[in-house]
1. Is there a quick way to get the dipole size of the protein assembly as shown? I mean about its Cα centre, with the Cβ of Lys and Arg at +1 and of Asp and Glu at -1; what is the value in debye to the nearest 20?
2. Total accessible area buried between chains B and A, 1.4 Å probe, in Å² to the nearest 100?
3. Across peptide A:25-31, what mean number of C-beta atoms from other chains lies inside 10 Å of a residue's C-beta?
4. Other chains near A:34-46: what is the mean number of their Cβ atoms within 10 Å of each residue's Cβ?
5. Within 10 Å of each Cβ in peptide B:17-23, how many partner chain Cβ atoms are there on average? Round it to a whole number, please.
6. How big, in percent, is the set of alpha carbon pairs in chain B lying more than 42 Å apart?
7. Rounded to the nearest 5, what is the percent of antiparallel bridges among the DSSP beta bridges in the protein assembly as shown?
8. First check a/c for the protein assembly as shown, with a ≥ b ≥ c the square roots of the eigenvalues of its C-alpha gyration tensor; if it is under 1.5, answer rounded, and if not, answer prolate when a/b is larger than b/c or oblate otherwise.
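The values are calculated or read from the model by the stated rules, or taken from the named source; none is laboratory data. Nothing here was measured: the structure is a model prediction, and the numbers come from that model. Positions of Cβ are generated from backbone atoms using ideal geometry, with glycine treated the same way; all protein chains shown enter the neighbour counts. Ligands, DNA and RNA are excluded from the accessible area calculation, which covers all protein heavy atoms including side chains. Shrake-Rupley method; radii C 1.70, N 1.55, O 1.52, S 1.80 Å.
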Amino acid sequence: MDSFSADMESDAESELIDLGAVSMTALRELSGTVFRQALRHVMQQTVHPQVTAGGGSEAERVD
Amino acid sequence: MPVPTEDHTASDGFALHRLSWADFDDLARGVGRAGAVLRLRRAERSRRLLLLRALVEETTKIPELFGPLPSSDEAWELLARVQEKSPSALDLMLAHPYTGTWAGYTMRLLSDRITGVCPMWMHVGHLHALAAAAAIHAGLDFHTHIPLWNGGAMLPTLGLAQLAADSPWSVAEVHGQRGQVEVGNEAASVHLPPDLAEDAAGWWGIQRLTMRAGEHVLSVRLDDLDPYRGLYEPVLPQRLGPVEVDAWSALLDQAWRLIVHHLPDIAEAISAGIDSLVPRPAVPFRMPSASTGEAFGSAIIARPPDAASLAATLVHEFHHIGLGGLLHLIRLHNEDPRERFYTPWRDDPRPIGGVLQGVYAFFGVTEFWRAFARAGTRTPNRRAAFEFAHWRDQTWRVLGVLRDDPVLTPAGRRFVGGIAQRLGPWQDEPVPAELRTLVAAVGADHYAGWRIRYLRPPLEAVADLAAAWLAGRARPVATQLDIDRTPTPVPDGSWSPARADLIRLSVADPPNDRNVLFRTWSTVPGATAADFAYATGRFTDAARGYRAELAVDADRPAAWVGLGLALSGLGVKPAARALLRYPEVVRAVHRTIRTRTRTVPAPEDLAAWIGRFTY
């Protein structure tokens with residue numbers, strides 16, 4: 001499934017909920033279907049993190 | 001609990017992060033402004049808050065996960081207090097790149113139910129270290145406990161207190177009162193200095209380097225301490241000495257001036273996008289660097305040999321960081337882990353995600369060297385012109401394959417199209433003919449080196465060719481070679497980038513002055529006399545040298561490709577064509593013949609024979 005609005009004319013909309021106006025205290029109490037989906041979405045993203053490494057051979061990795 | 005939606009699209013009362021297509025297209029074209037980067041940062045903040053909540057929820061189910069440390073509730077309450085007193089202190093901690101890597105790493109441990117580098121309570125308990133550091137930034141009075149790894153108590157963004165400890169994994173207490181902070185355990189205590197960036201007894205401060213060029217400022221932490229500063233696993237501190245810090249400071253200062261001078265339009269965005277560097281030791285003739293999408297704002301960089309290299313690397317990593325943030329918002333390609341692409345910046349086959357990242361990062365590198373080369377003063381900068389021509393050619397080549405790949409989403413195709421809009425016109429910009437020849441040689445060298453190691457020619461075709469050769473035929477019957485095959489993940493032989501290194505050394509010299517190359521070629525790792533002969537244009541000597549190398553080791557990839565390059569330099573077209581276009585076939589046929597007869601053909605005779613019917 002594509003993770004953004006397919007309408008190329010409007011803004012690109014993500015699956016990430018905006019917590020800019022949410023306090024830590026409020027965040028602890030959030031619940032609901034959309035919030036649960038958002039949690040699953042970011043947890044899923046951690047399964048395969050994007051890692052980039054270059055400029056050296058295997059023996060010269062900086063990581 | 002629903003959240004006010006402001007001007008965003010509401011979904012069940014929640015607002016969703018959005019990005020305008022104008023910002024998206026600007027990022028694709030490499031002209032994204034600081035505002036677009038800050039919008040990516042805001043999204044990262046939300047993402048990290050969600051991960052914090054998810055981690056606390058997961059660990060609350062199993063209170064013993066926190067071991068000897070307090071529960072997650074205590075850390076959360078401290079973070080809430082921080083936010084009440086100083087929202088910016090909380091934001092600083094959420095923006096810290098290694099808050100992201102810690103959250104991702106620990107979430108993977110919890111999801112997979114495995115233990116990491118340390119006991120699980122050390123990893124989940126890092127939440128207390130983040131809360132303590134935020135409380136120190138906020139100037140709160142507080143008391144908590146944090147993990148102690150090999151005697152080091154890390155306070156992210158601030159520094160590391162060193163305490164004696166009997167166990168590799170234990171606990172330290174942190175007290176903050178009226179601006180004074182003490183970290184201690186039963187064996188010792190450390191009073192943090194007033195200026196936390198300064199070292200003191202038992203304290204290593206994280207140093208901040210601030211570079212100024214005109215009105216543009218780049219301010220970064222030089223983080224050699226944070227356990228989550230690496231790509232994959234937590235790592236112990238690797239403290240830089242004062243001389244190394246000075247060297248980094250000088251290099252960064254010069255590199256920042258170069259960026260501001262040559263790419264003033266994106267300097268502000270780079271400043272918004274990079275806030276932490278992980279310094280690593282220099283690697284001769286290499287410029288390794290790395291980043292992860294989980295650490296928005298951070299790059300791991302080996303100490304470069306000069307400021308221009310560092311400037312190019314900063315631009316490169318800035319592109320990776322920006323794309324990493326964008327990919328958290330918008331899917332540009334579907335999941336496809338198959339390592340099926342050739343890229344000139346890696347020796348191994350890459351999956352589409354790595355290819356997209358590489359194309360975007362080297363598009364940035366191309367732009368930097370282009371601007372540097374065009375700024376040409378009285379003496380044109382040969383190195384900048386060479387690097388520009390090399391990276392524009394190679395990035396364009398890969399982009400041409402990538403843009404039609406069905407795994408890209410519509411947004412992915414739009415993004416790649418945006419890169420192409422800028423990169424395409426650069427293909428026609430003039431570069432001195434002498435440098436174009438060298439660029440072509442470096443490109444052909446790497447591509448042939450990749451083919452010979454990662455492509456396996458069809459067994460039937462190899463057998464046909466070997467049989468035809470042994471039968472003395474002018475050509476085999478109906479052999480088809482020009483099929484793009486899927487690369488194998490395991491290389492058939494090792495590779496040496498020595499020839500490319502030597503060519504770069506020759507480029508660094510003024511024309512007709514090869515002092516640097518002659519003086520230093522033997523220090524290039526893996527360089528042979530044949531490589532040196534090739535880099536100095538002595539193609540007959542080079543071909544002789546590669547024949548001798550193959551007589552010793554008939555499988556050596558770099559010798560087969562080197563022979564092809566040397567023969568190309570001599571104008572021996574059919575043999576050179578086969579060796580550079582189908583080196584894997586020539587070597588495989590040679591191997592087969594060796595198993596069937598004692599009369600081993602000369603490599604170039606066989607290559608010339610195959611080259612007569614391959615194009």
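1. 2940 debye
2. Buried: approximately 5700 Å² between A and B.
3. 6
4. Rounded to a whole number, the mean comes out at 6.
5. For this peptide, the per-residue mean of nearby foreign Cβ atoms is 5.
6. Percentage above 42 Å: 34.
7. 85 percent
8. It comes out prolate by the Cα gyration axes.
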